[in-house]
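Every number in this text was worked out from the coordinates using simple rules, so none of it is lab data. All values derive from a computational prediction rather than experimental measurement. No Cβ is skipped: glycine too gets one built from the backbone with ideal geometry, and neighbour counts run over all protein chains shown.
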Amino acid sequence: MTEKIVYKSLVTENLSAQIAENVREAIVSGRLQVNDRLPTEEELAVRFNVSRPTIREALKRLAAQNLIRSRRGPSGGAFVNHPSWQDVAQALSVSTMLLTSMGEFNLNEIADARQELGIVCSRMAARLRDQQDLAAMDEELATQQGADLSDVDFCGSDVRFHHAVVQATKNRVLRLVMVGVTEALQPIANLVSFRFSERKKIIAQHERLYKAIEQRDPDKAAAVIVDQMAYLRDIYGRAETLLRRRKAAAG
């Protein structure tokens, strides 16, 4: 089966990246199936008319994307992988955190994304939640009441609370999309702006959201998200002003 795969021709620059993209397209299109064995390094080198080190670099790129896995031994080689949901979510989270730290997203964009996606998730959670979902939210509410809870731990609990809301949607696509907001962007935004926030207000917002979801009231749940984001936008604005001042002073 793998012998029938037709790959695109290459240009001279960045050969390993082009080879990796050729193989990736074959996997995504279904021409290479999960658990299919890729040709050997030598065979790929002949097909693409490149050196084996170039092939190894291409395979490293594919492995880094969790698209292939290697197995040693007589029956070993490189095989098409079946990434788990956790693998994809982690890769998305890390990539989003990296882009945010590099300034690709500003806090206003984060707020827009959190509000619109949060409204969708809260409304679905209010309709579909079960007792296990409520218990997960309630556990985080109890954690957030801790007087000796550090800022970092409070941010972590905040993330877990919103993650529990997303879990309650029972929608795996939303769960994956929201990883970038609840597990990557939100902690960064929180750690930048916590000095301006008041925990009691955030906890009160969480409690209102919990109640709306518990009562299966989608409109009330969505209204809480809007109120929360209005509050957070003000915090984000002040945080960004502080960051600009720090950069100006440093530079």
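General observations
- Across Asn106, Asn81, Asn35, mean-square fluctuation computed from a Gaussian network of the chain (C-alpha pairs under 10 Å connected) peaks at Asn35.
- Taken about its Cα centre, segment 80-174 carries a charge dipole of roughly 500 debye when the Cβ of each Lys and Arg holds +1 and the Cβ of each Asp and Glu holds -1.
- FRET E, pair Phe196, Ser29, Förster distance 41 Å, beta-carbon r, rounded to 0.05: 0.25
- With the highest mean first, a sort of the peptides 139-151, 121-133 on other beta-carbon atoms found within 10 angstrom per residue produces 121-133, 139-151.
- Mean-square fluctuations from a GNM of the chain, with a 10 angstrom spring cutoff on Cα atoms, peak among Gly30, Gly156, Gly103 at Gly30.
- Put a dot 7 Å past the Cα of Asp112, heading toward its Cβ, do the same for Arg246, and the two dots end up 2.5 nm apart.
- Cβ crowding within 10 Å averaged over residues, with 195-201, 161-167 ranked highest first: 161-167, 195-201
- Spatial offset of segment 206-235 relative to segment 121-138 amounts to 13 Å, using the alpha carbon center of each.
- Of the residues Phe105, Ala223, Gly156, the one whose Cα sits farthest toward the positive end of the charge dipole of the chain, with +1 on the Cβ of Lys and Arg and -1 on the Cβ of Asp and Glu, is Phe105.
- Annotated for segment 86-250: lysine pairs at least 8 residues apart or interchain, Cα distance under 21 Å, count 7.
- Screening the chain for whole DSSP H helices with an alpha carbon extent of at least 15 angstrom along the helix axis and a mean Kyte-Doolittle hydropathy of at least 0.0 yields 15-28, 85-101, 107-128, 151-167.
- Per residue, the average separation of C-alpha pairs within less than 8 Å and at least 6 apart gives the chain a relative contact order of 19 percent.
- Rounded to the nearest 20 debye, the dipole magnitude of segment 146-251 is 300 debye, with +1 charges on Lys and Arg beta carbons, -1 on Asp and Glu beta carbons, and the Cα centre as origin.
- With K and R counted +1 and D and E -1, the other residues having a Cβ less than 10 Å from that of Lys170 yield a net charge of +2.
- Within the chain: Cβ-based charge dipole about Cα centre, in debye rounded to nearest 20 (Lys, Arg +1; Asp, Glu -1): 380 debye
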